[in-house]
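Take a look at this one; I'll ask things after.
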Amino acid sequence: MIAMSRAVRAVGLICLFALAAACQHGEAKVDRTPLPTVAAPPYICHLVPLKAVELMTGERDPLVSGYFNFDRPSGLGDGNCAVYQRNGDRMKVLQIILVPMGTEERVKDQLRIGASPLPSIMPGAIGYYGKDPFSKHASAHATIARGTALLIVRLDRGVEGRDNEADVVALMKLIAPKLITSAGTPAPTPSAGKG
């Protein structure tokens with residue numbers, strides 16, 4: 001009788017450990033690795049580091065569509081790069097937009113009404129970032145303007161448990177200097193001092 005109750009307890013403990021292991025295995029672990037600080041291949045849309053995109057969206061080998069065009073006669077670049085889930089409903093998770101009709105005034109307006117300013121990314125650029133408080137998908141965005149070039153990073157579906165705002169800022173740091181400079185927006189010239 002004692003041997004039987006020990007056997008029942010042993011089987012019960014084994015089942016309990018197996019159940020606990022199965023539960024832990026079923027939980028999705030959030031990869032909180034910070035985005036890279038240097039852009040490195042492979043790239044999507046020719047200029048956006050894939051590793052950064054995978055970390056911030058949680059999508060491995062995502063579907064990608066779009067490109068950036070820097071060969072316009074005006075010398076101003078534009079383009080769009082969209083990232084989609086590969087499985088399931090193939091929802092868009094990230095979009096990067098470069099337009100040559102941006103104005104710094106739009107950015108200044110957002111800052112005046114309380115948007116968080118982007119840290120300094122490149123000389124003469126001004127930007128902001130934030131999250132959508134009404135989104136159920138951990139969305140965040142960042143916008144930067146320099147001259148007439150306007151670059152927007154919109155994370156429509158971020159990874160729950162990651163700092164999605166930090167991710168859009170980090171991606172902006174990786175891509176803005178290349179995209180905005182390639183877009184034909186010259187660096188501002190320093191003003192001459194009065195002398």
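At 7 Å along the Cα-to-beta-carbon direction for both S116 and H137, put a label point, then send me their distance in nm to one decimal.
According to this spin-label approximation, the distance is 2.1 nm.
Oh, and also: Over the Cα atoms of region 98-137, Rg to Rh with Kirkwood Rh, two decimal places?
Numbers: Rg = 11.8 Å, Rh = 11.6 Å.
So for region 98-137, dividing Rg by the Kirkwood Rh gives 1.02.
Starting from the Cα-Cα distance between R106 and K178, subtract it from 0.36 nm times their residue separation and give me the gain in nm to one decimal. Could the numbers behind the result be given before it?
Details: separation 72, 0.36 × 72 = 25.92 nm, distance 2.18 nm.
Here the segment from R106 to K178 would lengthen by 23.7 nm.
Counting only protein heavy atoms and using a 1.4 Å probe, what share of the accessible area of region 57-195 belongs to carbon plus sulfur, as a whole percent? Could the numbers behind the result be given before it?
Details: 3890 of 7420 Å².
The nonpolar share, carbon plus sulfur, comes to 52 percent.
Can you tell me the length gained on complete extension of the stretch V38 to K51, counting 0.36 nm per residue apart and subtracting the Cα distance? Let's see the in-between values first.
Working: separation 13, 0.36 × 13 = 4.68 nm, distance 1.08 nm.
That works out to 3.6 nm of additional length.
Starting from 0.36 nm per residue, how many nanometres of slack lie between E160 and D71 once their C-alpha separation is accounted for?
In short, 28.2 nm is gained.
So what's the projected area for region 48-195, the Cα convex hull averaged over all directions, in nm²? Write down the numbers at each step before the final one.
Working: hull surface 41.6 nm².
Hull-based average projected area comes out at 10.4 nm².
The values are calculated or read from the model by the stated rules, or taken from the named source; none is laboratory data. Note that the structure is predicted; figures quoted are calculated from it, not measured. A quick note on method: Cβ atoms are made from the backbone with ideal geometry, for glycine too, and the neighbour counts reach across all protein chains shown. Heads up: the accessible areas ignore ligands, DNA and RNA and are worked out on the full protein's heavy atoms, side chains in. Shrake-Rupley method; radii C 1.70, N 1.55, O 1.52, S 1.80 Å.
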